[in-house]
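Trainee: Before I ask anything, let me first share the structure, which is written out below as structure tokens.
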There are 2 protein chains.
Amino acid sequence: MSATERSHAEALDAADPLAGFRDRFVLDDPERIYVDGNSLGRLPVATPTLLAERVREWGSRLVTAWPDWIELPERVGDLLAPLLGARPGEVVMADSTTVNLYKLAAAALDARPGRRAIITDAANFPTDRYVFEGLAAREGAELRLLQADAVEGPSAADVENACTAGDVAFVSLQHVDYRSGALADMEAITAVAHEAGALVLWDLSHSAGAVPVRLDEVGADLAVGCTYKYLNAGPGALAYLYVRGDLQEELRSPIWGWFGQRDQFLMGPGYDPAPGVARFLAGTPPVLDLSAAEVGIRLTGEAGLDALRAKSVALTELVVELRDAWLAPLGFGLGSPREPGRRGGHVSLRHEEAWPICRALLERANVVPDFRVPDSIRLGLPPLYTRFVDAWDALDRLRRLVEAGVHHEVDAAPARVT
Amino acid sequence: MSATERSHAEALDAADPLAGFRDRFVLDDPERIYVDGNSLGRLPVATPTLLAERVREWGSRLVTAWPDWIELPERVGDLLAPLLGARPGEVVMADSTTVNLYKLAAAALDARPGRRAIITDAANFPTDRYVFEGLAAREGAELRLLQADAVEGPSAADVENACTAGDVAFVSLQHVDYRSGALADMEAITAVAHEAGALVLWDLSHSAGAVPVRLDEVGADLAVGCTYKYLNAGPGALAYLYVRGDLQEELRSPIWGWFGQRDQFLMGPGYDPAPGVARFLAGTPPVLDLSAAEVGIRLTGEAGLDALRAKSVALTELVVELRDAWLAPLGFGLGSPREPGRRGGHVSLRHEEAWPICRALLERANVVPDFRVPDSIRLGLPPLYTRFVDAWDALDRLRRLVEAGVHHEVDAAPARVT
């Protein structure tokens with residue numbers, strides 16, 4: 001049975017052990033195909049319930065509920081830890097990805113005095129690059145940008161070549177590239193960075209929940225990530241950070257806040273960082289957000305990352321096959337690695353008219369894709385709720401639309417938001 | 001009619017123009033007296049509704065709703081601005097109070113190169129002190145602590161005396177002292193700091209929503225605050241920051257994030273701070289939290305700060321009168337200024353057995369007060385929902401309890417959380 005026949009996708013759905021998880025999410029318009037879960041994940045059915053329960057708790061118990069809330073950043077972090085290959089006590093929910101990047105990057109610079117180079121990828125996600133650029137500017141460090149292959153992403157050799165001067169404080173890369181979907185070789189890159197005496201800070205935003213992560217096993221030092229993509233915790237949801245257990249005592253957040261203080265409620269005269277990962281907390285944690293994060297993380301854990309990854313590979317493989325069969329003749333390049341084991345949960349298609357094509361998909365074909373400047377159409381296929389027929393139908397609608405030239409009929413308004 | 005007669009409090013309630021606002025909040029146990037709204041404000045009736053609506057919007061519109069969400073940090077900031085005496089475009093909702101303190105304090109240090117002293121009050125709230133201590137340690141600055149009067153708080157003369165060396169980058173104080181409730185003379189302190197060439201960063205956490213704030217009028221430079229106290233936005237709610245309009249171009253956040261970037265979705269190669277207060281944003285804003293903040297801020301605006309302040313003064317005055325009449329003989333000191341115009345929205349009572357007394361109030365008298373080390377019982381009286389009979393009954397239950405020695409019968413467990 002050929003991938004170009006819809007019955008192929010239907011057969012894959014029929015055999016999908018995760019198919020039942022789709023019903024755990026709120027499904028909007030049944031005709032709409034949502035292939036942007038890599039940007040904002042769907043709403044779990046359980047989220048409004050837990051959120052409402054915690055709101056009621058605020059209303060009825062008021063300040064007396066704080067003893068039950070105060071450890072939530074660590075408790076929810078411990079729920080997330082196994083999905084990242086981390087141990088309990090190594091992950092905490094906190095702040096935004098951006099603020100967590102700042103905290104851990106500054107801590108890494110401080111932990112390598114005398115080393116003033118920061119290495120990242122020129123194609124890294126903007127907020128990562130901006131945070132490191134700002135830190136370098138304020139602290140007299142040098143931001144060294146890898147010019148990696150746009151599809152395959154940075155390799156261990158790229159990192160090794162940039163580390164030869166022995167002046168690198170830390171290397172920071174995305175585990176899965178936000179544009180191409182390329183999956184970095186976390187183990188090899190961590191090893192060459194360590195060989196050069198540098199720490200490694202991974203951004204897991206586009207991998208956590210779709211790809212098994214093995215932070216402890218590969219000896220990673222630091223990591224951050226968001227929960228609003230594959231972890232389905234909602235728009236602007238609370239982020240997380242990871243610090244390997246044996247590094248925690250040595251590192252300090254640059255933001256000395258009362259939730260990172262030992263014996264917080266003694267309100268003592270001087271700052272003394274809490275033991276463990278809690279020292280990277282800053283202000284009062286957002287209790288309502290923690291309930292949304294908890295639901296999304298539990299759902300992912302219930303499905304299991306091995307099953308999710310297997311389905312995710314099959315989904316992206318179907319997209320690549322249909323790109324080859326249908327879209328290559330229409331001028332679509334493959335912006336993601338061809339080797340399935342080298343991809344995360346989304347596939348990037350490149351086309352010189354990517355922006356009007358995305359508008360047309362949204363406005364005329366009821367498909368929600370994701371555009372990234374200058375020429376990428378990202379198709380995100382979160383395995384928890386994406387069916388194989390969704391992938392098939394999205395590509396089918398896409399090829400029909402471009403064949404008919406519908407993208408020449410829409411307004412090319414400014415790029416929208418993720 | 002004497003303050004010691006309950007009918008006095010009843011008469012004040014009968015004449016209270018804000019009495020109707022109590023019904024806008026979820027009231028738990030009607031027998032419980034909640035005098036800890038200075039720690040965590042009550043749940044507005046409207047909050048679960050707006051929150052549920054925004055959750056539904058996430059579920060049904062998914063990523064396509066972002067164009068409606070993306071300006072919420074500024075739009076809700078503009079709703080808050082008049083309560084702070086600020087203009088539209090000077091306030092933005094962002095992060096936690098701690099992270100905002102860090103951002104603005106670092107920006108102030110950077111804006112005063114060559115000046116390396118930071119002035120704050122030794123009795124400032126812990127997270128403020130810790131943030132400045134950490135910043136001073138990392139940036140080679142000196143943290144200079146005012147030793148102000150414990151009840152009256154720091155005066156303009158205290159600040160002036162600490163600024164004589166011409167080396168002060170910024171002064172940061174609480175507008176209302178978290179322990180004593182003392183209301184700082186924002187105008188005079190700002191003037192002496194400016195005279196010395198320093199910037200001023202105000203922490204409004206314990207004043208916003210209870211006391212009119214006139215940031216623009218007094219020429220304040222910077223401010224931060226939380227929304228979970230008198231603004232009733234929920235546990236760990238989103239905080240805010242203020243940067244005076246004419247200073248915005250000159251200042252930069254140390255955390256260069258993508259939400260502070262000009263033309264964010266061009267995802268350009270280098271960071272270029274957005275015009276206006278948005279440059280102090282960092283990561284993706286928490287959309288659900290913004291709805292809770294919106295409800296609390298609108299309610300406060302609807303009541304009006306002048307009316308709120310008038311009632312707040314009358315409430316704290318009643319507490320002081322009853323302290324004088326009933327509690328002074330029982331060993332309770334007044335930990336707040338006696339002059340009503342010098343107090344914020346809470347009153348601090350001091351007693352050497354403050355901790356067991358607080359436990360007993362909670363466990364035996366159904367009164368929720370607030371303990372602060374070492375010897376303060378804070379009674380918070382948010383004027384939006386606190387009745388005069390609540391204040392009267394709280395003090396009445398307190399004196400009966402201490403007279404009967406009930407506080408000697410309870411366990412003195414570790415201090416609880418705020």
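The values are calculated or read from the model by the stated rules, or taken from the named source; none is laboratory data. In this text, all values refer to a predicted model and were calculated from it rather than measured experimentally. No Cβ is skipped: glycine too gets one built from the backbone with ideal geometry, and neighbour counts run over all protein chains shown.
Trainee: For region B:191-211, give me the residue count where each residue is in a loop (DSSP other than H, G, I, E, B) and either crowded, with 24+ Cβ neighbours inside 10 Å or under 12 Å from the mean Cα position of the chain (by Cα) (or both).
Mentor: Of region B:191-211, the ones in a loop (DSSP other than H, G, I, E, B) are B:196-198, B:204-211.
Narrowing further to those that are either crowded, with 24+ Cβ neighbours inside 10 Å or under 12 Å from the mean Cα position of the chain (by Cα) (or both): B:198, B:204-211.
Matching residues across region B:191-211 total 9.
Trainee: If we scan region B:99-110, do we find a residue that is more than 10 Å from every other protein chain (Cβ to nearest Cβ), farther than 15 Å from residue B:223 by Cβ and of a type in the set (Asp, Glu)?
Mentor: No; the residues of region B:99-110 include none that is more than 10 Å from every other protein chain (Cβ to nearest Cβ), farther than 15 Å from residue B:223 by Cβ and of a type in the set (Asp, Glu).
Trainee: Output the number of residues of region A:25-59 satisfying the condition of being more than 22 Å from residue A:205 (Cα to Cα), of a type outside the set (Gly, Ala, Ser) and not in a loop (DSSP other than H, G, I, E, B).
Mentor: Here is the first cut: in region A:25-59, the ones more than 22 Å from residue A:205 (Cα to Cα) are A:26-33, A:45-46, A:48-59.
Then drop every residue that is not of a type outside the set (Gly, Ala, Ser), which leaves A:26-33, A:45, A:48-51, A:53-58.
Imposing the further condition that a residue be not in a loop (DSSP other than H, G, I, E, B) reduces the set to A:33, A:48-51, A:53-58.
Of the residues in that region, 11 qualify.
Trainee: Still on this structure: Check B:144, B:116, B:138 and return the single one that is surrounded by fewer than 19 Cβ atoms within 10 Å (Cβ to Cβ), in contact with a Pro (Cβ under 7 Å, 6 or more places away or on another chain) and not acidic (Asp, Glu). Reasoning before the result, please.
Mentor: On the way: B:144 fails: in contact with a Pro (Cβ under 7 Å, 6 or more places away or on another chain); B:116 fails: in contact with a Pro (Cβ under 7 Å, 6 or more places away or on another chain).
Going through B:144, B:116, B:138 in turn, just one is surrounded by fewer than 19 Cβ atoms within 10 Å (Cβ to Cβ), in contact with a Pro (Cβ under 7 Å, 6 or more places away or on another chain) and not acidic (Asp, Glu): B:138.
Trainee: Specify the residue that is farthest from the other protein chains (Cβ to nearest Cβ); the eligible residues are those in region A:56-85 that are under 23 Å from residue A:265 (Cα atoms) and among the small types (Gly, Ala, Ser).
Mentor: Initial filter on region A:56-85 (under 23 Å from residue A:265 (Cα atoms)): A:57-58, A:61-77.
Still in the list and also among the small types (Gly, Ala, Ser): A:65, A:77.
Details: A:65: 8, A:77: 15 Å.
The residue in question is A:77.
Trainee: Filter region B:191-220 down to residues that are in contact (Cβ under 8 Å) with a residue 60 or more places away in the chain, closer than 24 Å to residue B:341 by Cβ and not hydrophobic (A, V, I, L, M, F, W, C), then give me how many there are.
Mentor: So the answer is 9.
Trainee: Suppose the filter is within 19 Å of residue A:395 (Cβ to Cβ), in contact (Cβ under 8 Å) with a residue 60 or more places away in the chain, over 23 Å from the mean Cα position of the chain (by Cα) and not in a loop (DSSP other than H, G, I, E, B); does residue A:9 pass it?
Mentor: Working: within 19 Å of residue A:395 (Cβ to Cβ): yes; in contact (Cβ under 8 Å) with a residue 60 or more places away in the chain: yes; over 23 Å from the mean Cα position of the chain (by Cα): yes; not in a loop (DSSP other than H, G, I, E, B): yes.
Criteria met by residue A:9.
Trainee: Can you tell me which condition residue A:240 does not meet? The list is (1) under 30 Å from residue B:122 (Cα atoms); (2) in contact (Cβ under 8 Å) with a residue 24 or more places away in the chain, and all the others hold.
Mentor: The one condition residue A:240 does not meet is (1).
Trainee: Yes or no: region B:196-218 includes at least one residue that is in contact with a Cys (Cβ under 8 Å, 6 or more places away or on another chain) and within 14 Å of another protein chain (Cβ to nearest Cβ).
Mentor: yes
Trainee: Condition test on residue A:313, is it away from chain B (no Cβ under 14 Å) and within 30 Å of residue A:63 (Cβ to Cβ)? Working first, answer last.
Mentor: Values: away from chain B (no Cβ under 14 Å): yes; within 30 Å of residue A:63 (Cβ to Cβ): no.
When the stated conditions are applied, residue A:313 does not pass them.
Trainee: Hey, another quick one. Could you tell me whether residue A:43 is farther than 30 Å from residue B:48 by Cα, modelled with pLDDT of 95 or more and among the hydrophobic types (A, V, I, L, M, F, W, C)?
Mentor: Numbers: farther than 30 Å from residue B:48 by Cα: no; modelled with pLDDT of 95 or more: yes; among the hydrophobic types (A, V, I, L, M, F, W, C): yes.
No: the conditions fail for residue A:43.
Trainee: Scan region A:241-284 for residues that are at the interface with another protein chain (Cβ under 7 Å from one of its Cβ atoms) and within 16 Å of residue A:170 (Cβ to Cβ) and report the count. Full working, then the answer.
Mentor: Here is the first cut: in region A:241-284, the residues at the interface with another protein chain (Cβ under 7 Å from one of its Cβ atoms) are A:254-258, A:261, A:265-267, A:270-271, A:282-284.
From what's left, within 16 Å of residue A:170 (Cβ to Cβ): A:254.
Residues flagged as at the interface with another protein chain (Cβ under 7 Å from one of its Cβ atoms) and within 16 Å of residue A:170 (Cβ to Cβ) within region A:241-284 amount to 1.
Trainee: Follow-up question, since we're still on this one. Go through region B:368-392 and report how many residues are farther than 21 Å from residue A:58 by Cα, more than 14 Å from every other protein chain (Cβ to nearest Cβ), touching a Lys or Arg at 6+ places or on another chain (Cβ under 8 Å) and not aliphatic (A, V, I, L, M).
Mentor: 1
Trainee: Output yes when any residue across region B:37-55 is in contact with a strand residue (DSSP E or B) (Cβ under 9 Å, 6 or more places away or on another chain), polar (S, T, N, Q), within 14 Å of chain A (Cβ to nearest Cβ) and farther than 22 Å from residue B:212 by Cα, and no when none is.
Mentor: No - not one qualifying residue is present in region B:37-55.
Trainee: How many residues does region A:10-36 hold that are within 14 Å of chain B (Cβ to nearest Cβ), over 11 Å from residue A:386 (Cβ atoms) and among the hydrophobic types (A, V, I, L, M, F, W, C)?
Mentor: Selection size over region A:10-36: 2.
Trainee: Is it the case that region A:88-102 has a residue that's under 28 Å from residue A:183 (Cα atoms) and surrounded by fewer than 23 Cβ atoms within 10 Å (Cβ to Cβ)?
Mentor: Taking every residue of region A:88-102 in turn, at least one turns out to be under 28 Å from residue A:183 (Cα atoms) and surrounded by fewer than 23 Cβ atoms within 10 Å (Cβ to Cβ).
Trainee: A further question follows. Here is a list: B:76, B:55. Which entry is over 29 Å from residue B:216 (Cα atoms) and touching a helix residue (DSSP H, G or I) at 6+ places or on another chain (Cβ under 8 Å)? If you could, list the steps in order and put the result at the bottom.
Mentor: On the way: B:76 fails: over 29 Å from residue B:216 (Cα atoms).
Matching residue, one of B:76, B:55: B:55.
Trainee: Given the options A:264, A:248, name the one that is surrounded by fewer than 23 Cβ atoms within 10 Å (Cβ to Cβ), touching a Phe, Trp or Tyr at 6+ places or on another chain (Cβ under 7 Å) and closer than 28 Å to residue B:135 by Cβ.
Mentor: On the way: A:248 fails: touching a Phe, Trp or Tyr at 6+ places or on another chain (Cβ under 7 Å).
Only one candidate qualifies: A:264.
Trainee: Still on this structure, please answer the following. Only residues in region A:254-269 that are more than 15 Å from residue A:70 (Cα to Cα) count as the first member; pair them with residues that are of a type in the set (Ser, Thr, Tyr), Cβ under 7 angstrom, at least 6 apart or cross-chain, and list the lot.
Mentor: Going by the 7 Å Cβ cut-off, the qualifying pairs are A:255/B:98; A:255/B:102; A:256/A:271; A:256/B:130.
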